[in-house]
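The structure appears right after this line, and notes come after that.
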Amino acid sequence: MTQEIRVTNYPEVLTDRASHYCPGCHHGTAHRLVAEAITDLGLVDNTILVGSIGCSVFIYNYLTLDAIESPHGRAPAVATGVKRARPDKIVFTYQGDGDLASIGMAEIMHCANRGENITTIFVNNTVYGMTGGQMAPTTLVGQKTTTCPGGRCSENEGMPIRMTEIIASLGGVAFAERVAVNNIKNIKKARKAVTKAFEYQTKKAGFSFVEILSTCPTNWRMTPLQANKRIETEMIPYFPLGNFKDVLAKEEK
Amino acid sequence: MSSRVEFREDRCKGCLLCTEVCPTGIIQQSSRFNQKGYKVTEIAPDMMSECKGCAFCAMMCPDYAINVYTTKSAKGGEK
Amino acid sequence: MSTPKRIFVKGNEAISRGALAAGVKCFFGYPITPQNDIPEFMSSAMFEVGGQFVQAESEVAAANMLLGAAGCGIRAMTSSSSPGMSLKQEAISYMAGSELPGVLVNVSRGGPGLGDIGPSQGDYFQSVKGGGHGDYKLLVLAPGTVQEAYDLTIKAFDLAFKYRNPVLVLADAIIGQMKEPVVPWVPENLDPNEGQDWGLQGAKDRAPRLLKSLFLDDGALAGQNQKLQAKYQAMQAEVDQELFLTEDAELVVVAFGSIGRIVKSTIRKLRGQGHKVGLVRPITLFPFPSEVLLNLAKEGKRFLTIEHNMGQMVEDVRLSIRTVADSAFHGQLPGNLPTPDDFEEPILKALEG
């Protein structure tokens, strides 16, 4: 007698509906990693989602969680308010590179520095996606966007910002890692990092941060496959993958 | 042991990321369009037997459009 | 710990103590003159009552922390002064749109821009007409004494949760910095389940709750705006004002906050000289006591609006009485501290007509 088992098990908290994201956009993958992490850790019932402004403004449609919408860049401050009001809940922000590294730079730095026990998932695709592909703080030198049509020029626009390294340097941060989801090996590592980030919140270790390098095929003017390739050829060389801070790992050693 | 892959054609956006990661290279773009106008991916029926059940395709799919099933025989099947 | 019978404190401290009496659980602030006493007091007081205090990185951040905490259905507050209130406007609009009961305190100072660190009433428009974007209203309470600052801060929390709307306590540097006796009191019967039927707690055994102000579907934003307007209409029930010697007055002075209180001294002096002057002191700036003013206008009285700005509330006075009468205006210039003597001549002039 044979039995067919289902290998793919999507967590229940991941709402079963079609998404508005573009073909090949990595938001869907990132959402799934969050869903898997909070499911594996048994946190779903006690998790509060703090949304942000960007393509992922609708994340509350894709994760079945209590959620609050934040103004652009302010999610870490809103999350601070939520966590201070409900210290026993798991609170996380989910933000893009315009939201977090431009208008929200003060909020993320200070939330991290205060060591607020929240988790930030930072989806970096080097552009402002929702608004049509403008230059972002993480846009690479030479990369063409609608507001640097000749390509980002460091003399005029400065250099792209490496957020994970900066966040890792702040005292209140417990965990800071940069991952990608452009291939299976990286997805597996990303899943581990996202799970660890939430785990550290349960341990009240401090602020946890995961930067996920992602595609934006539409605004990069690429096919999904080309965009996925760009992660490896252009983004990882400038934004290296890896762990930049892990306070509990030190203690274990 | 045998495996099969189900593509939810109403969810597929034709991004083809799954085709990149399939170790047996059996996933391909079909000639069918779904209602949203995306050209959906498929595994040709005669190629399905090559499927190893690794589910890399599902892991890579940003739209949760793929389900993978494995059938194990009761006695001494591979794990 | 027993409540003392009478304390002698600054308005800023009275506001802080009122918030504590009302059971505030989280305070988010930022330094700015002339309200620093509030975050300074709260930085130790909140811990003593098991609450949370955060000195945020900016007034923007503090207002957004308030948004988050209020979203959990708990009593939370922020305070600032005029330039800081300008920074908070986006978060205020979001709180109004998402229907969140945040309490804000503005100890207003001179403007525009950096202005000065003395009192003014130049934030009336910002407070009542909305410094933030979109069609929304805050309930605005304007204390005229330090006792009132204590009382109205408690009321602010009750109203915020009653209407699920942000509420603003609009004081100024005079109220904030002067010391007066206060009889502290603690409200009884605070509802422990307040805010728990809609606040965020983690969706255990129930459908998830979503607090947002984005409504993209066809007709959705229209519906939301209609709902909000109906609420603001219902808020009219909270209108409050003080009437001082208006029954036989020929001239009614309209003034709010510290000016409303200072002009009382002027009125007492002029009454002693036989002049028939009275005062309407709006305590709620929104909702505005339009009906009270209109009724006085219908009795044939004349009006003089006195404010510590270049003419803001006078527009609402004129709107209220427009079919029947008009209001003269005297503005104490921002940057000049008002005294009762300053208002004698403008009142006499208005009496002459």
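All of the numbers you see were taken from the coordinates with simple rules; none came from a lab. Just so it is clear, the model here is predicted, and its values are computed rather than measured. Heads up, the Cβs are rebuilt from the backbone with ideal geometry, glycines too, and the neighbour counts pull from every protein chain shown.
Annotation: aspartates and glutamates with alpha-carbon distance below 16 angstrom to residue A:203 (same-chain offsets under eight excluded): A:40, A:88, A:116, A:246, A:251, A:252. Spin-label pair residue C:236-residue A:20: with each label point 7 Å from Cα along the Cα-Cβ axis, the two points sit 3.7 nm from one another. Convex hull volume of the C-alpha atoms in region A:24-119, normalised per residue: 89 Å³.
The loop-placed trypsin sites (Lys or Arg not before Pro) in region C:185-284, going by DSSP, that have at most 12 neighbouring Cβ atoms within 10 Å of their Cβ come out as C:204, C:206.
Take every Cα pair under 8 Å whose residues are at least 6 apart in sequence, average their separation, divide by the length of chain B, and the relative contact order is 44 percent. From the alpha carbon centroid of region A:206-253 to that of region B:1-76 is 26 Å. For helix C:257-272, report the angle its Cα long axis makes with the longest principal axis of the Cα atoms of chain C; keep it between 0 and 90° and round to the nearest 10°. So the helix axis and the longest Cα principal axis differ by about 20 degrees. Averaging Cα coordinates gives a centre for region A:1-24 and one for region C:275-340; these two points are 65 Å apart. Converting phi to 3J(HN,Hα) with the Karplus coefficients 6.51, -1.76 and 1.60 and the offset θ = phi - 60°, region C:244-250 yields 10, 6, 8, 4, 10, 6, 8 Hz in sequence order, with x at every glycine or proline.
Straight-distance candidates among the lysines for linking to residue C:5, with alpha-carbon spacing under 30 Å and chain neighbours fewer than 8 residues away dropped: C:25, C:155, C:162, C:179, C:264. Calculation over all alpha carbon pairs of region C:284-353 in 5 angstrom steps from 0 returns a P(r) of 3, 17, 24, 23, 19, 11, 2, 0 percent. Taking Cα atoms only, the orientation of helix C:59-70 departs from the longest principal axis of chain C by about 60 degrees.
Ranked from largest, the principal axis spans of the Cα set of region C:195-326 equal 71, 31, 27 Å. Applying a DSSP loop filter and a limit of 11 other Cβ atoms within 10 Å to the GluC sites (Glu not before Pro) in region C:121-219 leaves C:188.
For the pair region C:184-257 / region A:43-57, the C-alpha centres are spaced 26 Å from each other. Looking at the square roots a ≥ b ≥ c of the eigenvalues of the Cα gyration tensor of chain C, which shape do they give, rounded for a/c under 1.5, prolate if a/b is larger than b/c, or oblate? The shape class here is prolate. Extending 7 Å from the Cα toward the beta-carbon at both residue C:125 and residue C:204 defines two label points whose distance is 5.1 nm.
Shown here are the Rg and Dmax of the Cα trace of chain A, at 17.5, 70 Å.
The string of couplings for region C:224-239 from the Karplus curve (6.51, -1.76, 1.60, θ = phi - 60°) is 4, 5, 5, 4, 5, 4, 4, 5, 5, 5, 4, 5, 4, 4, 8, 4 Hz, one whole number per residue in order, with x for Gly and Pro. Apply 1/(1 + (r/R0)^6) to the Cβ-Cβ distance of residue A:221 and residue C:310, taking R0 = 60 Å, and write down the FRET efficiency to the nearest 0.05. Calculated value: 0.70. Counting every pair of alpha carbons in region C:124-227, the share spaced more than 16 Å apart comes to 71 percent. Beta bridges from DSSP with both residues in the protein assembly as shown: antiparallel share about 35 percent, rounded to the nearest 5.
Projection of the Cα convex hull of region B:4-69, averaged over all directions and equal to a quarter of that hull's surface, yields 3.8 nm². Residue order for A:126, A:8, fewest other beta carbons within 10 angstrom first, comes to A:8, A:126. Note on region A:122-253: Cα-Cα pairs beyond 18 Å make up 56% of the total pair count.
A Förster radius of 25 Å combined with the Cβ-Cβ distance from residue C:248 to residue C:341 puts the calculated FRET efficiency at roughly 0.55. If you sort the three axes of the alpha carbon gyration tensor as a ≥ b ≥ c, you get a/c of 1.5 or more for the protein assembly as shown and a/b above b/c, which makes it prolate.
Bridging of residue A:144 to aspartates and glutamates at a Cα separation below 20 Å is possible for A:97, A:99, A:155, A:157, A:232, A:234, once same-chain residues fewer than 8 apart are set aside.
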